[in-house]
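First comes the structure, then the notes that go with it.
The values are calculated or read from the model by the stated rules, or taken from the named source; none is laboratory data. Keep in mind the model is a prediction, meaning the values are calculated, not measured. A quick note on method: Cβ atoms are made from the backbone with ideal geometry, for glycine too, and the neighbour counts reach across all protein chains shown.
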């Protein structure tokens with residue numbers, strides 16, 4: 001009986017271990033999971049509940065675009081990624097009487113690699129050129145603020161990855177909401193990202209990197225009109241290809257001109273802390289510059305730069 005009980009316990013526990021192992025690294029288009037803007041990266045990616053991001057919101061929560069204060073806004077971001085790869089992104093938003101319409105583009109350059117072939121009659125390979133690999137995402141966003149406290153947003157995006165002559169593509173969807181609770185400055189947000197059917201690379205199907213995100217934020221000191229402001233953010237993530245994760249961030253601002261940021265990621269393999277600064281000078285045309293430093297453990301460190309521009 002004792003042996004039978006041990007066997008039954010083993011059979012009950014084994015599927016759980018198998019499921020946990022199988023979940024890791026099971027999706028494609030993983031460049032969509034990389035933080036896009038420097039502000040997001042500096043806050044440990046806890047950016048879901050930010051409402052003052054204008055066009056940059058298309059990359060984190062499409063609902064946040066509905067709270068834009070600018071008729072026209074644009075953003076540009078760049079990061080030299082790991083192993084000499086490069087990450088580019090740009091977005092534009094227009095606040096119309098019908099709502100906010102926006103477009104976002106992400107380009108991930110994996111770089112070029114040597115093309116080799118086996119030398120005739122020899123057990124060696126010779127270089128005969130090179131080939132490239134890259135990823136592309138183009139998204140169209142619609143967001144609308146239904147009240148002064150609630151907005152929603154949806155994004156339809158075309159994604160593609162290619163290596164040499166081979167391609168894989170798909171159409172994915174994002175959706176999000178952002179709500180000011182009325183309790184002081186507390187706001188909560190939720191978003192579902194990269195939702196779509198399986199895609200195929202040649203004849204091999206693979207899943208999408210879908211992710212459910214829940215977040216909240218509040219001003220711990222002051223507000224956006226105060227000389228000093230301290231905002232705290234926390235976010236929980238449920239990715240389809242990894243275990244649950246938690247991100248936290250803190251932003252300290254002086255006169256809404258100079259911002260100092262920090263963040264930390266929990267339950268990641270290599271990613272841990274991040275820091276950054278932001279500058280919003282008082283100019284006739286709104287302009288902002290953000291820089292972020294992120295620690296990726298054994299993979300190295302990443303610097304990310306973002307520029308924002310707008311018209312009231």
Let me confirm something: among 299, 289, which residue is without any contact (Cβ under 8 Å) to a residue 24 or more places away in the chain, surrounded by fewer than 17 Cβ atoms within 10 Å (Cβ to Cβ) and under 19 Å from the mean Cα position of the chain (by Cα)? 289
Could you grab me the full set of residues in the stretch 155-180 that are modelled with pLDDT of 95 or more and either in contact with a helix residue (DSSP H, G or I) (Cβ under 6 Å, 6 or more places away or on another chain) or farther than 26 Å from residue 35 by Cβ (or both)? 155, 174, 176, 177, 178
Does residue 311 meet the test of being at pLDDT below 90, touching a strand residue (DSSP E or B) at 6+ places or on another chain (Cβ under 9 Å) and either surrounded by fewer than 20 Cβ atoms within 10 Å (Cβ to Cβ) or closer than 18 Å to residue 87 by Cβ (or both)? yes
Here is a list of conditions, (1) more than 30 Å from residue 168 (Cβ to Cβ); (2) assigned to a strand (DSSP E or B); (3) modelled with pLDDT under 95, and residue 223 meets all of them except one; can you say which number that is? (2)
State whether the residues of the stretch 231-243 include one that is under 20 Å from residue 42 (Cα atoms), assigned to a strand (DSSP E or B) and in contact with a helix residue (DSSP H, G or I) (Cβ under 9 Å, 6 or more places away or on another chain). no
Within the stretch 280-299, how many residues are over 16 Å from residue 259 (Cβ atoms) and in contact with a helix residue (DSSP H, G or I) (Cβ under 8 Å, 6 or more places away or on another chain)? 3
Selection from the stretch 187-231 of residues closer than 20 Å to residue 166 by Cα, surrounded by 14 or more Cβ atoms within 10 Å (Cβ to Cβ) and more than 20 Å from the chain's Cα centre (by Cα) yields 199, 201, 206
Out of all the residues in the stretch 188-210, which are over 26 Å from residue 145 (Cα atoms), in a loop (DSSP other than H, G, I, E, B) and in contact with a strand residue (DSSP E or B) (Cβ under 8 Å, 6 or more places away or on another chain)? 197, 198, 202, 208, 209
